[in-house]
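The values are calculated or read from the model by the stated rules, or taken from the named source; none is laboratory data. Treat the numbers as computed from the prediction; the structure is a model and nothing was measured. As a convention, Cβ positions derive from the backbone with ideal geometry for all residues, glycine included, and neighbour counts pool all protein chains shown. Note: accessible area is taken over every heavy atom of the protein model, side chains too, but ligands, DNA and RNA are not part of it. Shrake-Rupley method; radii C 1.70, N 1.55, O 1.52, S 1.80 Å.
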Amino acid sequence: MEWADGKTRCWWANPKNDRYIRYHDEEWGVPVHDDKKLLEMLILESFQAGLSWECVLNKREAFREAFDDFDLEKICDYDQERMAKLQENPGIIRNRLKIRAAVNNARIFREIQREYGSFSDYVWHWTGGKVVRERGLSSSRLSDQMSQDLKKRGMKFVGTTIIYAYLQAVGVIDSHEEGCFLEKGKKEQ
């Protein structure tokens, strides 16, 4: 595909959506160790279930506003009234089950932080702190194991496909395609 800036990107990056291009170029596949960012991406990925990532990404700023800039303690304190208010917010995906799951998952996220010292330590312990490089998959043994563990802990909307996409988004899995200007060996590590 011809890109206006002459760079070659992964097939899924929409050349007509600047937000999506920036996401591909600046975020996707970049290792994340900040718990706030890890929480944001976990919540956003859980809202993606059954939808496109582009749909969620286009609503990201509205999600940030609606979910108090992904402040963990504030989200953990959301009550039924606050969740009902989120369902009325036209800027976000107003799925009742996904909203409830986001609050529930934030509470479990906090429990995992307490157990591991940080959610980052939990996420990265699955690979011994190393980035996994693989392409062309939508799930793997790694995403199966992490998904199963999160479900056992009580998280919702964390199936293996969602967790695989999450691990790609936060850089645990690097899946930039052959020819992409960010492909391993073409980007600075």
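Here are some notes:
- Note on R141 and D121: their simple-model spin labels are 2.6 nm apart, each label 7 Å out from Cα toward Cβ.
- Student exercise, the chain dipole from Lys, Arg, Asp, Glu Cβ charges, in Debye to nearest 20: 540
- Environment charge of T161, counting only residues whose C-beta is closer than 11 Å and scoring Lys/Arg +1, Asp/Glu -1: -2
- Phi-based couplings in Hz for the range 75-91 (Karplus 6.51, -1.76, 1.60; Gly and Pro marked x): 5, 4, 8, 4, 10, 4, 5, 5, 5, 5, 5, 4, 5, 8, 7, x, x
- For the pair the range 121-162 and the range 43-118, the centres of their Cα atoms are 19 angstrom apart.
- The 3J(HN,Hα) values that the Karplus relation (6.51, -1.76, 1.60; θ = phi - 60°) gives for the range 46-54 are, in residue order, 5, 6, 6, 2, x, 10, 8, 4, 4 Hz. Gly and Pro appear as x.
- Of D77, D121, D174, the one that fluctuates the most in a GNM where the chain has Cα springs shorter than 10 Å: D77
- Accessible surface of the chain [probe 1.4 Å, protein heavy atoms]: carbon and sulfur percent: 46
- For the range 117-125, backbone phi angles converted through the Karplus equation (6.51, -1.76, 1.60; θ = phi - 60°) give residue-by-residue couplings of x, 6, 5, 4, 4, 5, 4, 7, 5 Hz, Gly and Pro being listed as x.
- Relative contact order of the range 23-169, defined on C-alpha pairs under 8 angstrom at six or more residues apart (%): 30
- Remark: the Cα gyration tensor places the range 1-47 in the prolate category, a/c being 1.5 or greater and a/b exceeding b/c.
- Over 19 Å (Cα to Cα) - which of K130/K184; K16/K37; K7/K59; K37/K151 fall in this group: K16/K37; K7/K59; K37/K151
- Inter-label distance for E73 and K85, nm, one decimal - labels placed 7 Å from Cα along Cα-to-Cβ: 1.8
- Put simply, the amide H of D174, placed in the peptide plane, has neighbours under 5 Å in V132, R133, E134, leaving out anything fewer than 5 places away on its chain.
- Heavy-atom surface of the chain, accessible at 1.4 Å and reported per residue (Å²): 52
- Ranking of W53, W12 by solvent-accessible surface, largest first: W12, W53 (1.4 Å probe, protein heavy atoms only, all chains present).
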